[in-house]
Amino acid sequence: MEEFIRGPLVWIAFAVFFAGLLLQGWLFFRNTSPRQRRRLAVPEPKKKKPQKDKKTPLTPAALYAWLVNGSSACYQRHWPRLRRTVLFTHPFMTVVTVVFHTFLFAAPLLARAHNELLRRGLGAGLPSLADAAVDAMTLVVLLCGAIFLWRRLLVRRVRAITTFYDYLVLAITLAPFVTGFMAAHHWLDYHTVILVHIGCGELMLMAIPFTKLGHMIYFFLYRFLLPGEYSFGQGSRAW
Amino acid sequence: MAAAQQATVDTGKVKDLLAAHRAEMKRYLSHCMHCTLCAESCFLFMARDKDPRYMPSYKVLNSLGVLYRRRGRVERSFLEKIKKIVWRNCVLCRRCYCPVGVDIPRMIALARAVCRSQGVYPDFDEQGHQESWL
Ligand code: HEM
Ligand code: HEM
Ligand code: SF4
Ligand code: SF4
C-alpha cells in the first residue's frame, strides 16, 4: 500500500490528471455545436489607421490632448462592461481569488522538494525558490482558503447555495498544502505525514478534471470560445 | 388552463427535454463554484434587498439543478413552485455575469421550457392584472 502510494500511484495520478483534462476538452468540442462557438474570439479586422500627420509637432500640448482623448475613449468603451464584473462588484474577493490561484500553482511548481523529485524521476525540473518563499506562499494559499471557508460558513448568501460537496472540494484543494507544510517543517511523524501528503496530492490531481475543479480548463473554454457579453468571444448586447 | 389542472406530469417528455441538453447543462451545473459572485449582476437581487433567493445561481440550482438531480421525476406541485423562480424571480434579461462563465440564462430558459411542456406557465390573461400573478 505504502509502496503503491509512493510509486505507481504518482504516475497514475498525473496520467489521470492530464488525460482527464484532454478528455474534458474533447467533450467540450463534441458537445458544443460550431454554431455556438461560431464567433470565436478572433480580433476584429483592424481598420486602417489614418496616416499619421507627420507634421504635427510633438508639443506637450499635443501629447496631453492625445492622452486625454485616448483615455476617455478607452474609458467610455470599456467601463460600462467592466463595472459589472467582479473586479468592481467584489474587489476584495477578486484580490483573494487571484492571489489564491496564483500561489496555488506557484507554490507546488516551485517547491524545492517537488523539483528535486521531478529531476530524479524525469531528469528535469523547474527552478525552485527558497524554502522560506514557498512556505510563505503555502501559508497565503491557506489563508485565502480560510477566507473561502469563512464565507461558506458565515455569509448568508453563500450559505444559501452551499452543499457538503463544496466543503469536500475545498478540503481536497487545501489538504496538500496543509500536509506539505507539515512535512516541510517535520511536524508530527515525517514518514506518515509525507505519505499522507502524497496521497492528498494525488487525490487532488485526480479530482481536478472530474469535479467542479474542472473549472481550471472550462474557465478558458467558456471565456474564450463561447460568445457572450462578458466573454472574450464577441457577444452582443441583447438589451 | 386545462393542461395545468391535470395532476400528472408527462415524465417522458420532461426527460426528453432534459436529455437533449444534458451534456451542456450538466457541465454548467458541475462547474458552478457556488461562490455567489454573480449575485450583484442581477438587478432583481439588488432590488430585493440582496435577498439570496434572487441570486442567479440560487435560481438555477433550485430549478434546473433539482430537475437534473431528480432526473425529471418531479410532481406538478414542484413545477408550480419553480414557475415562481423562473418567471417571477428571473426575467431572463441575460445580464448576469459569472466569472467562471456559467451561462445562467440558458439554464433558466430550459427550466421554463420544461414547465411550459407541462402546461405550467404564468397566465397573463387570467392573472396578469393581479398584483401577484404567480
Ligand atoms: C503527487 C505527488 C506529490 C509528491 C510526491 C509530493 C511530495 C512532496 C515532498 C517530498 C515535499 C517536501 C517535504 C519536505 O520538505 O520534506 C512536499 C512539500 C509540499 N508539497 Fe507536495 N507532493 C505531491 C503533490 C503536491 C500537490 C498536488 C500539491 C499542491 C497543489 C503539493 C503541495 C506541496 C506544498 C505546498 C509543500 C510544502 C512546501 C513548503 O512549505 O516548503 N504537493 N511535497
Ligand atoms: C488556471 C486555472 C484556474 C482558473 C482560471 C480559475 C478560476 C476560478 C474562478 C473564476 C473562481 C470563482 C471565483 C471565486 O470563488 O473566488 C474559482 C474558484 C475556485 N477555484 Fe479556481 N481556477 C483555476 C484553477 C483552479 C485549481 C487548479 C484549483 C484547485 C485545485 C482551483 C480551486 C478553486 C476553488 C477551491 C475555488 C472556490 C472557492 C470557494 O468559493 O469555495 N482553481 N476559480
Ligand atoms: S454561477 Fe458563476 S458566479 Fe454564480 S455562483 Fe456559480 S460559479 Fe459563482
Ligand atoms: S437573466 Fe435572470 S438571473 Fe440573470 S440578471 Fe436577468 S433576471 Fe437576473
Would you look at the GNM of chain A, springs on alpha carbons closer than 10 Å, and say which of A:Tyr190, A:Tyr75, A:Tyr165 moves the most? A:Tyr75
Output the Kirkwood hydrodynamic radius of chain B, Cα pairs only, in Å rounded to one decimal. 15.2 Å
The answer for the protein assembly as shown, accessible area per residue at 1.4 Å probe in Å², is 59 Å²
How would you classify the protein assembly as shown from its alpha-carbon gyration tensor, with a ≥ b ≥ c the square roots of the eigenvalues: rounded for a/c under 1.5, else prolate if a/b is greater than b/c, otherwise oblate? oblate
Residues of segment B:22-58 losing 50 Å² or more of accessible surface, assembly versus chain alone, probe 1.4 Å, please list them. B:Arg27, B:His31, B:Met33, B:His34, B:Thr36, B:Leu37, B:Glu40, B:Pro52
Could you give the length gained on full extension between A:Leu67 and A:Asp189, defined as 0.36 nm per residue of separation minus the Cα-Cα distance, in nm? 37.7 nm
May I ask you to derive the FRET efficiency for A:Met1 and A:Phe224 from their Cβ-Cβ distance with R0 = 30 Å, giving the value to the nearest 0.05? 0.10
Loss of accessible area when B meets A, both sides summed, Å² nearest 100, probe 1.4 Å: 2800 Å²
Hey, can you list the DSSP H helices of chain A whose Cα span along the axis is 20 Å or longer and whose average Kyte-Doolittle score is at least 1.6? A:91-110
Here, A:Arg83 and A:Leu149, labelled 7 Å along Cα→Cβ, have an inter-label distance in nm of 3.8 nm
Tell me the carbon and sulfur percent of the accessible area for chain A, rounded to whole percent, probe radius 1.4 Å. 71 percent
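The values are calculated or read from the model by the stated rules, or taken from the named source; none is laboratory data. None of the values given here were measured: they were computed from a predicted structure. Note that each Cβ is placed from the backbone with ideal geometry, even for glycine, and that neighbours are counted across all protein chains shown. Each accessible area value is taken on the protein alone, full model and side chains, heavy atoms only, with ligands, DNA and RNA left out. Shrake-Rupley method; radii C 1.70, N 1.55, O 1.52, S 1.80 Å.
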